[in-house]
Amino acid sequence: MPYRLKKTVVLVGMMGAGKTAVGRVLAAELGVPFLDSDAEIEEAAAMSIPEIFARDGEPFFRRKEAQVIERLLTETPGILSTGGGAYMQEANRRAIHDAGVAVWLDADLDLLWKRVRGRDSRPLLKTDNPRATLAALYEKRVPVYALAELSVKASPAYSLQDMAGQVVAALLTRPDVLETT
């Protein structure tokens, strides 16, 4: 089914929620560009997110992240995957709400842990008890993610295509964002 995307869809949520993986499938389904703020930051810095955190710290990273998100929101409407902490910044939320639409990929804590455990690419989980750290982040962030205009509940039973389909269904409730042609 052909679609016309009118605003950039910004996928928000916890690490492991599927923002990048679902975003790629969603962009292909809608025939629009896929953008990843973390990848853009890594390309501009010529280093990985963990390296940026280690060298420059989280506040520096968050400033660069805000600049990249603002720039990406001005490009052709597409699907934008953001880092888990991006939506926590009020300036980012305002920019996203002004120029696009936020869609929260709402995955529960057990599903998130299943997806992120054992990976060393998550700088915020480099702690003595990464499961407890994830749980604390989850408790802090969920009320903010709930501010997103749309939310889609993740399920371990969903394939990437299923989840993308759920996002499309949610977007179709917003004719100012997505319509069929």
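Read the figures in this text as sums done on the coordinates, not as results from a lab. These numbers come from a predicted model, not from an experiment. Every residue, glycine as well, gets a Cβ built from its backbone with ideal geometry; the counts of neighbours run over all protein chains shown.
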Mind computing the radius of gyration and Dmax over the alpha-carbon atoms of the chain? Å is fine for both.
15.6, 52
Within the chain, count lysine pairs with alpha carbon atoms under 30 angstrom apart where the residues are 8 or more positions apart or belong to different chains.
22
Tally the DSSP beta bridges in the chain and give the antiparallel ones as a percent, rounded to 5.
15 percent
If you place +1 on the Cβ of every Lys and Arg and -1 on the Cβ of every Asp and Glu, how big does the dipole about the Cα centre of segment 41-80 come out, in debye to the nearest 20?
120 debye
Taking the Cα centre of the chain as origin and charging only Cβ (+1 Lys, Arg; -1 Asp, Glu), how large is the dipole, in debye to the nearest 20?
240 debye
Select from the chain the helices, each a whole stretch of DSSP H, whose alpha-carbon atoms run 15 Å or more along the helix axis and whose Kyte-Doolittle mean is at least 1.6; answer none if there are none.
none
What ranking, highest mean first, results for peptides 97-109, 59-71, 169-181 when packing means the other Cβ atoms within 10 Å averaged over each residue?
97-109, 59-71, 169-181
Segment Ala136-Asp98, extension gain: residue separation times 0.36 nm, minus the distance between their alpha carbons:
10.8 nm
Near the amide H of Tyr3, under 5 Å away, which other amide H atoms are found, from residues 5 or more places off or on another chain, if H is placed in the peptide plane?
Thr181
Fully extended, how many nm does the chain gain between Arg63 and Thr180 (0.36 nm per residue separation, minus their Cα-Cα distance)?
38.5 nm
In terms of the charge dipole of the chain, which places +1 on Lys and Arg and -1 on Asp and Glu at the beta carbon, the residue among Ser155, Pro2, Leu105 farthest towards the positive end is Ser155
Estimated 222 nm signal from helices in the chain, with DSSP H stretches of n ≥ 4 weighted -39500 (n - 2.57), rounded to 500:
-15500 deg cm²/dmol
With the contact rule set at Cα under 8 Å and sequence spacing of 6 or more, what percent relative contact order holds for segment 1-157?
34 percent
